[in-house]
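The values are calculated or read from the model by the stated rules, or taken from the named source; none is laboratory data. Remember, it's a predicted structure, so these values are computed and weren't measured experimentally. Every residue, glycine as well, gets a Cβ built from its backbone with ideal geometry; the counts of neighbours run over all protein chains shown.
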Amino acid sequence: MTRTGGKNGALVLFSGGQDSATCLAWALDRYDTVETLGFDYGQRHRVELECREGFRSAVAHAFPDWGKRLGDDHMVDLSVLGAISDTAMTREIQIETAASGLPNTFVPGRNLMFMTIAAAIAYRRGLKVLVGGMCETDFSGYPDCRDDTIKALQVALNLGMDSRFVLETPLMWLDKADTWRLAQQLGGDELVELVRVETHTCYVGERSELHPWGFGCGECPACRLRRRGYDAFLAGEQVSEPV
């Protein structure tokens with residue numbers, strides 16, 4: 001990897017899901033150069049990774065100014081994370097609440113590893129802003145999605161790399177209805193439609209049926225949250241229920 005040399009550049013953690021796609025649009029609206037980073041950790045809903053290039057291409061075509069800012073895409077094999085995880089995100093097991101009180105979709109250390117690797121790549125690429133879709137409003141109690149966790153991680157990364165990274169989480173205090181609204185504010189109905197059709201959120205990886213809110217099984221926690229958020233967005237309401 002070589003340095004891009006851009007002072008006003010960002011690296012977006014882009015999974016192919018609704019949240020990270022909205023974060024990508026948010027970054028494209030603000031920074032001169034935006035690169036993307038995805039992780040293959042053996043996730044059960046690996047189909048989301050197949051949506052990444054389709055969404056990138058669709059956004060670049062629909063919004064030419066953003067297309068000029070859209071830089072390289074990076075994919076990192078983190079299969080070791082899946083190998084050491086026994087969760088409903090990495091195993092064909094029923095989604096339920098674990099003995100710890102957290103849903104068994106929680107993958108310990110995932111966001112910590114994601115941000116650390118992102119910082120290492122950004123360091124080499126000359127990018128100072130890392131953008132992630134972590135959210136404390138609509139989440140399942142994942143401790144690595146909390147604002148305090150991200151702030152502490154920013155301090156640790158800057159100390160450990162002697163740098164001045166800024167970790168941006170534009171969805172941190174938004175519910176799912178607000179996330180749909182943010183997409184509309186950034187790119188109008190055209191972007192909302194791209195997010196609806198080109199992204200994937202369903203935990204079980206179901207992508208055979210297109211619902212009004214997007215593809216998915218319609219029953220897993222991620223689908224229910226996305227559906228409630230979309231319905232509230234259309235109705236102009238707030239939704240702040242956890243998964």
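Considering only residues that are in a loop (DSSP other than H, G, I, E, B), at pLDDT 95 or above and in contact with a strand residue (DSSP E or B) (Cβ under 8 Å, 6 or more places away or on another chain), which ones fall in segment 17-50?
The answer is Arg30, Tyr31, Asp32.
Can you tell me which residues in segment 124-155 are in contact (Cβ under 8 Å) with a residue 60 or more places away in the chain and in a loop (DSSP other than H, G, I, E, B)? Steps first, please.
Of segment 124-155, the ones in contact (Cβ under 8 Å) with a residue 60 or more places away in the chain are 124-133, 135, 137-141.
Passing the criteria: Gly126, Leu127, Lys128, Gly132, Gly133, Cys135, Thr137, Asp138, Phe139, Ser140, Gly141.
Has segment 124-136 got at least one residue that is farther than 20 Å from Ala10 by Cβ and at pLDDT below 95? Before the answer, list the steps.
Here is the first cut: in segment 124-136, the ones farther than 20 Å from Ala10 by Cβ are 136.
Keeping just the survivors that are at pLDDT below 95 gives 136.
The answer is yes; a qualifying residue exists.
Please work out which residue is surrounded by the fewest Cβ atoms within 10 Å (Cβ to Cβ), limiting yourself to segment 154-185 and to residues that are out of contact with any Gly (no Cβ under 8 Å at 6 or more places or on another chain), of a type in the set (A, V, I, L, M) and closer than 20 Å to Ala27 by Cα.
This residue is Val166.
Okay, residues lined up against (1) farther than 21 Å from Met113 by Cβ; (2) in a loop (DSSP other than H, G, I, E, B); (3) of a type outside the set (Ser, Thr, Tyr); (4) in contact (Cβ under 8 Å) with a residue 40 or more places away in the chain:
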{"residue": "Leu174", "(1), (2), (3), (4)": "yes, yes, yes, no"}
{"residue": "Ala177", "(1), (2), (3), (4)": "yes, no, yes, yes"}
{"residue": "Arg181", "(1), (2), (3), (4)": "yes, no, yes, yes"}
{"residue": "Leu186", "(1), (2), (3), (4)": "yes, no, yes, yes"}
{"residue": "Glu190", "(1), (2), (3), (4)": "yes, no, yes, yes"}
{"residue": "Val195", "(1), (2), (3), (4)": "yes, no, yes, yes"}
{"residue": "Arg207", "(1), (2), (3), (4)": "yes, yes, yes, yes"}
{"residue": "Cys223", "(1), (2), (3), (4)": "yes, no, yes, no"}
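If we keep just the residues of segment 89-116 that are in a helix (DSSP H, G or I) and either at pLDDT below 80 or under 15 Å from the mean Cα position of the chain (by Cα) (or both), which is nearest to Met161 (Cα to Cα)?
Here is the first cut: in segment 89-116, the ones in a helix (DSSP H, G or I) are 110-116.
Add one more test, that the residue is either at pLDDT below 80 or under 15 Å from the mean Cα position of the chain (by Cα) (or both), and what stays is 110-115.
Numbers: Arg110: 20, Asn111: 18, Leu112: 15, Met113: 15, Phe114: 16, Met115: 13 Å.
The selected residue is Met115.
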